[in-house]
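The values are calculated or read from the model by the stated rules, or taken from the named source; none is laboratory data. None of the values given here were measured: they were computed from a predicted structure. Note: ideal-geometry Cβ built from the backbone for every residue, glycine included; neighbour counts use all protein chains shown.
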Amino acid sequence: MAVTRVTFKFNLSDGLVQTQTIDIPNGKDGANGKDGEGIHIKGAVANKNSLPATGNVNGDIWTITSTLEVAVWDGSKWNYSSLNVLKGDKGDKGDKGDTGAAGATGAKGDTVAQGAKGDRGGYRCNWCKR
């Protein structure tokens with residue numbers, strides 16, 4: 001049988017400390033409790049006035065789109081909480097996406113008039129002059 005070890009420390013009047021350790025046998029496990037009622041996601045409404053006034057069951061949840069809240073029925077009244085509290089941890093970075101398709105060919109540019117003829121270049125040697 002499993003035991004739990006407990007240690008006691010006693011401060012005595014003469015300033016000494018006495019320690020005593022005892023083993024206490026663990027008791028039997030108790031019976032399992034009944035299953036919880038859980039939650040019931042019902043849908044979304046535009047505002048708090050649109051929440052159903054009757055027919056609600058403990059755990060009913062509605063999203064209120066105008067205020068970004070959730071309304072949770074506790075058996076007698078609506079309780080409100082920001083949707084931000086339902087935000088989980090940041091996820092892992094995703095894989096790199098595939099390379100996209102090539103873009104379309106651009107439009108042809110404008111044609112312009114040819115420029116004026118340039119001057120004749122200089123000579124590099126005396127014998128090649130004409």
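Among the residues making up the stretch 58-107, those that are outside any strand (DSSP E or B), among the polar types (S, T, N, Q), over 20 Å from the mean Cα position of the chain (by Cα) and exposed (fewer than 13 other Cβ atoms within 10 Å of the Cβ) are SER66, SER76, THR99, THR105.
Scanning the stretch 63-83 for residues that are closer than 22 Å to GLY36 by Cα and hydrophobic (A, V, I, L, M, F, W, C) turns up VAL70, ALA71, VAL72, TRP73, TRP78.
The residue that is farthest from SER66 (Cα to Cα), counting only those in the stretch 1-14 that are among the hydrophobic types (A, V, I, L, M, F, W, C) and part of a strand (DSSP E or B), is PHE10.
Residues of the stretch 15-46 that are part of a loop (DSSP other than H, G, I, E, B) and either over 20 Å from GLY75 (Cα atoms) or among the aliphatic types (A, V, I, L, M) (or both): GLY15, LEU16, ASN26, GLY27, LYS28, ASP29, GLY30, ALA31, ASN32, GLY33, ILE39, ALA46. Please work out if GLU69 is in contact with a helix residue (DSSP H, G or I) (Cβ under 8 Å, 6 or more places away or on another chain) and touching a residue at least 12 places away in the same chain (Cβ under 8 Å). Spelling it out, GLU69 is indeed in contact with a helix residue (DSSP H, G or I) (Cβ under 8 Å, 6 or more places away or on another chain) and touching a residue at least 12 places away in the same chain (Cβ under 8 Å). Screening LYS129 against (1) at pLDDT below 90; (2) under 25 Å from the mean Cα position of the chain (by Cα) leaves a single unmet condition, (2). Among the residues of the stretch 15-57, those identified as loosely packed, with under 10 Cβ neighbours inside 10 Å and within 28 Å of the chain's Cα centre (by Cα) are GLY36, GLY38, GLY43.
Condition first: among the acidic types (Asp, Glu) and either in contact with a strand residue (DSSP E or B) (Cβ under 9 Å, 6 or more places away or on another chain) or more than 30 Å from GLU69 (Cβ to Cβ) (or both). Can you find one or more residues in the stretch 16-39 that meet it? Explain how you work it out, then say what you get.
Of all residues in the stretch 16-39, those among the acidic types (Asp, Glu) come to 23, 29, 35, 37.
Pick out the ones that are also either in contact with a strand residue (DSSP E or B) (Cβ under 9 Å, 6 or more places away or on another chain) or more than 30 Å from GLU69 (Cβ to Cβ) (or both) and you get 23, 29.
Yes, the stretch 16-39 has at least one match.
Take the conditions out of contact with any strand residue (DSSP E or B) (no Cβ under 7 Å at 6 or more places or on another chain), at pLDDT 90 or above and among the charged types (D, E, K, R) and apply them to LYS87. Does it pass? It is false that LYS87 is out of contact with any strand residue (DSSP E or B) (no Cβ under 7 Å at 6 or more places or on another chain), at pLDDT 90 or above and among the charged types (D, E, K, R).
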